[in-house]
Protein chains: 2
Amino acid sequence: MEIHSKQPIRVLCAHVSEHVERPVTVQGWVHSIRHLGQLAFVNVRDRSGIIQCVFERELTEMPLSLESVLSVSGIAALAPKAPGGMEIRAVSAHCMSAAAPLPFEVNKKTIGARLDTVLDHRVLSLRHPRLHATFRIQSALAGAFRDYLCRRGFTQIFTPKIVAAGTEGGSNLFPVDYFGRQAYLAQSPQFYKQMMVGAGYERVFEIAPVYRAEEHNTSRHLNEYVSLDVEMGFIQSEEELMDLEQEMLRYMLEKVAAECEAELALLGVDIRLPDDIPRIPVAEAQRIVERKYGKTSPKGDLDPEGERLICQHVAESGKAALVFITRYPREIRPMYAMPAPENGALTASFDLIFNGLEITTGGQRIHDYEELVSSIRGRGLDPEHFAGYLDVFRYGMPPHGGFAIGLERLTSRLLGQSNVREASAFPRDRTRLAP
Amino acid sequence: MEIHSKQPIRVLCAHVSEHVERPVTVQGWVHSIRHLGQLAFVNVRDRSGIIQCVFERELTEMPLSLESVLSVSGIAALAPKAPGGMEIRAVSAHCMSAAAPLPFEVNKKTIGARLDTVLDHRVLSLRHPRLHATFRIQSALAGAFRDYLCRRGFTQIFTPKIVAAGTEGGSNLFPVDYFGRQAYLAQSPQFYKQMMVGAGYERVFEIAPVYRAEEHNTSRHLNEYVSLDVEMGFIQSEEELMDLEQEMLRYMLEKVAAECEAELALLGVDIRLPDDIPRIPVAEAQRIVERKYGKTSPKGDLDPEGERLICQHVAESGKAALVFITRYPREIRPMYAMPAPENGALTASFDLIFNGLEITTGGQRIHDYEELVSSIRGRGLDPEHFAGYLDVFRYGMPPHGGFAIGLERLTSRLLGQSNVREASAFPRDRTRLAP
């Protein structure tokens, strides 16, 4: 039980340079081992970086395997040829946890394994510096989302994920057995965030999982993902929501660029801050992709190829590949979407497409009780089924709207990943339920 | 569709004082209406506070109901007798959303309704300033938790809530139908946060819902709650975890005291920062409550009454009513609990009891593969059932441990609420599934 004995103070690899010619102890994973004559060079990796440790004499005979957890004590020394210009001349070392033979190595430029294998062994694959960087950046994105909104007077809310009914009509729901009653996993906090606006918080956000029991098993879909939800009261139109999202994304990307400089450099990602993101009505977007690329679109919408092309169109004009698509027709938006003021067949709604992938859906909501009842009826639905939701609109509800960003999609687009699963530490899809 | 017309710029109630003798527009809920001769005094409430609006002449005849959403334009004026010393001499007003008769009023000192009714009508009850304050404070607590940990080098993680098996042995799980396969809702992110420590992040936290299908329907239990989870690698003992939690709570309470001054004043809550929180082994705590209060305890544990009494004991010595109970016996802690170094029948674990309520469970975990296998076997469990979890310990796992705080329990203790449901916007319990 070595770990219970009094240990020397641990120094992070990145801080060894503050202790030149003095004794230090580092603790971390064995990143690489190289024997050279009478010496062994053991690179130790911790959360701050990698340091070269030089083993001599009997220490070189220590049985060591890659990815074991090692504690090395020695003298910090300048070493111009070592990575980072520092090394530790080891005096003693002990293995805190020995690693078995690895299913794949994590000290090469890329992992030589299929995505499924990488996902099966997350505790190992996430040690690879490139994969590791993804979730540092994701953490920073979530933090910046929170910071920005708190500065703008938003309150963080926590709403239940076990719900009695679906928000979007009842399909794609995961059933839960709730003490013998039928319940479901929430597809979105839509109704709850609207309620919290109406409860007087006016401006609310939530960072929480949502669930979509979609049968798709594509590179764009997860069945459980983190939704960054925003809802705001007393708006005049959905334009304010797009203004907010644009400014917020700018802030988030600036913050990530500052906090994750090393991670972004490692990934070769150059974050381009969006200037004004264009806002294009969907009908016009359809005309553009047809005229320019000969691509026809489904009624009132863009398909994935259309989304890719409209981003390409925007990028060709020298802007970041981000575009708001607006004015979706009522029939493809939910019953709570506010009709557009100039044309009741369209809605005051929008999607944000980032490099060909929809990362946001948003819009103004109907806040008038009678209008909402008539919208529900207009879809052949029964207002009785929405009684709890409708109740919210009976006690004074301001004009309001909001949007939601899929955190994994945002992360994966930002980092140029080809599969959204790469931006989920433990993805859930049609077939994957572990780890 | 009045709301689509161009509106004047809205000023928050709290900012009206910056516009003395100038025209302003406020928008909010009708908090109270008082007719006095030829005048009507209409108090309007928004997210920033309440302002008195003075209606004259035909405006006094406007049909108005409590909690309707109103837009009032007029001249801001000093009014020493009005709440806040300001009022608006209304020139025009229009109703943005009319409220139906209320099931209870929210402008009295307390709500004259049972907790169930209050919870049934959250969009209304949360407008009551006292209830409203709870979730502003909760938002600040969650933010301070994040801030503190990020400063200490922690990474925020997001882990799945749909899982293939339970963490704590398999009881109290909510079953989910996952595309025809049996899955469950996560009772805690325990295994995932340990994995993320082992994946090289070393220090991680998560803010997310967890699920306990406990049949209890008490004032202390929720079936879905927000867990503030922390896990940290390279610790020498669980003492470091208690140090961390103590310092973190201090930071969180300071931050809340600063950010929510008005809310705390309204609730009459005087946040006492904990000095050093005492750490008492459970066997000693049992002796104290027996000797001092004649209270016997169940084997190796304190029951709710014992938890109340040990806090009373600590408070009687002039400290805050907070106490770490340590050294729980192995048989009442999970299989992953690290045995105490001096006595293998006890564990390096702790609970934090706050005013008689357990708000944290934590401890050091076993990180050695063989020791973990033997601990699982020692409980008559089959290591095969934990194969995925055990795998994590085969590739180098540092000593580590962590803890989790129930956000609603922390909030409710801090505010002196008698039922934890009051600290959940939309609680889920044995019978409640809506709203």
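The values are calculated or read from the model by the stated rules, or taken from the named source; none is laboratory data. These numbers come from a predicted model, not from an experiment. Cβ: placed from backbone, ideal geometry, glycine included. Neighbour counts: every protein chain shown. Note: areas computed on protein heavy atoms with side chains; ligands, DNA, RNA excluded. Shrake-Rupley method; radii C 1.70, N 1.55, O 1.52, S 1.80 Å.
Couple of notes before you dig in:
- Residue within region B:16-31 that is assigned to a helix (DSSP H, G or I), within 27 Å of A:T155 (Cα to Cα) and free of Cβ contacts under 8 Å to residues at least 40 places away in the same chain present: yes
- The listed residues are B:R308, B:R291, B:R287, and the only one of them that is open to solvent by 50 Å² or more (accessible area, probe 1.4 Å), in the same structural domain as B:M397 (by TED's automatic domain parsing), assigned to a helix (DSSP H, G or I) and in contact (Cβ under 8 Å) with a residue 40 or more places away in the chain turns out to be B:R308.
- Unique match (being touching a residue at least 12 places away in the same chain (Cβ under 8 Å) and farther than 30 Å from B:V123 by Cα) among A:S424, A:S375: A:S424
- Only one of A:L264, A:L241, A:L302 that is assigned to a helix (DSSP H, G or I), modelled with pLDDT of 95 or more and within 30 Å of A:Q190 (Cα to Cα): A:L241
- Here B:F350 passes the criteria (1) in contact with a Lys or Arg (Cβ under 8 Å, 6 or more places away or on another chain); (2) under 27 Å from B:A164 (Cα atoms); (3) open to solvent by less than 10 Å² (accessible area, probe 1.4 Å) except the one numbered (2).
- Test: residue in region B:187-201 that is part of a loop (DSSP other than H, G, I, E, B), within 14 Å of another protein chain (Cβ to nearest Cβ), hydrophobic (A, V, I, L, M, F, W, C) and within 30 Å of A:V11 (Cβ to Cβ): no
- A:G200 falls short on exactly one of the conditions (1) touching a helix residue (DSSP H, G or I) at 6+ places or on another chain (Cβ under 9 Å); (2) touching a residue at least 12 places away in the same chain (Cβ under 8 Å), and that condition is (2).
- Counting the residues of region A:404-425 that are assigned to a loop (DSSP other than H, G, I, E, B) and within 14 Å of another protein chain (Cβ to nearest Cβ) gives 2.
- Considering B:R428, B:R394, the condition of being modelled with pLDDT of 95 or more and under 30 Å from A:S71 (Cβ atoms) is satisfied by B:R394 alone.
- Any hit, region A:126-141, residues being under 30 Å from A:G200 (Cβ atoms) and either facing chain B (nearest Cβ under 8 Å) or under 26 Å from the mean Cα position of the chain (by Cα) (or both): yes
- Matching residues, region B:9-29, being within 11 Å of chain A (Cβ to nearest Cβ) and over 17 Å from B:V91 (Cα atoms): B:L12, B:A14, B:W29
- Answer from A:C260, A:C311 - the residue that is among the hydrophobic types (A, V, I, L, M, F, W, C) and more than 27 Å from A:H128 (Cβ to Cβ): A:C311
- In this entry, A:C13 is excluded by the filter for residues that are surrounded by 23 or more Cβ atoms within 10 Å (Cβ to Cβ) and more than 18 Å from B:Y201 (Cβ to Cβ).
- Residue that is in contact with a Phe, Trp or Tyr (Cβ under 7 Å, 6 or more places away or on another chain), closer than 22 Å to B:E239 by Cα and away from chain A (no Cβ under 14 Å), where the choices are B:L322, B:L372: B:L322
- Residues satisfying the stated conditions in region A:202-223, i.e. at the interface with chain B (Cβ under 8 Å from one of its Cβ atoms) and aromatic (F, W, Y): A:Y211
- Of all residues in region A:1-43, those that are under 37 Å from the mean Cα position of the chain (by Cα) and modelled with pLDDT under 95 total 2.
- Strands (runs of 3 or more DSSP E) contained entirely in region B:39-95, each with at least 2 residues that are open to solvent by 50 Å² or more (accessible area, probe 1.4 Å): B:69-78
- Within region B:328-354, tally of residues that are in contact with a Gly (Cβ under 8 Å, 6 or more places away or on another chain) and of a type outside the set (A, V, I, L, M): 10
- Elements of the type helices (runs of 4 or more DSSP H) sitting completely within region A:99-183 and holding at least 1 residues that are open to solvent by 40 Å² or more (accessible area, probe 1.4 Å) and closer than 30 Å to A:G268 by Cα: these cover A:115-120, A:129-151.
- Residues satisfying the stated conditions in region B:229-245, i.e. in contact with a helix residue (DSSP H, G or I) (Cβ under 6 Å, 6 or more places away or on another chain) and open to solvent by 10 Å² or more (accessible area, probe 1.4 Å): none
- Failed item, numbered, when A:D391 is tested on (1) touching a residue at least 12 places away in the same chain (Cβ under 8 Å); (2) surrounded by fewer than 21 Cβ atoms within 10 Å (Cβ to Cβ); (3) at the interface with chain B (Cβ under 8 Å from one of its Cβ atoms); (4) of a type outside the set (S, T, Y): (1)
- Selection status of B:G344, modelled with pLDDT of 95 or more and buried (at least 18 other Cβ atoms within 10 Å of the Cβ): no
- From A:P329, A:P398, residue being touching a Ser or Thr at 6+ places or on another chain (Cβ under 8 Å) and surrounded by fewer than 23 Cβ atoms within 10 Å (Cβ to Cβ): A:P329
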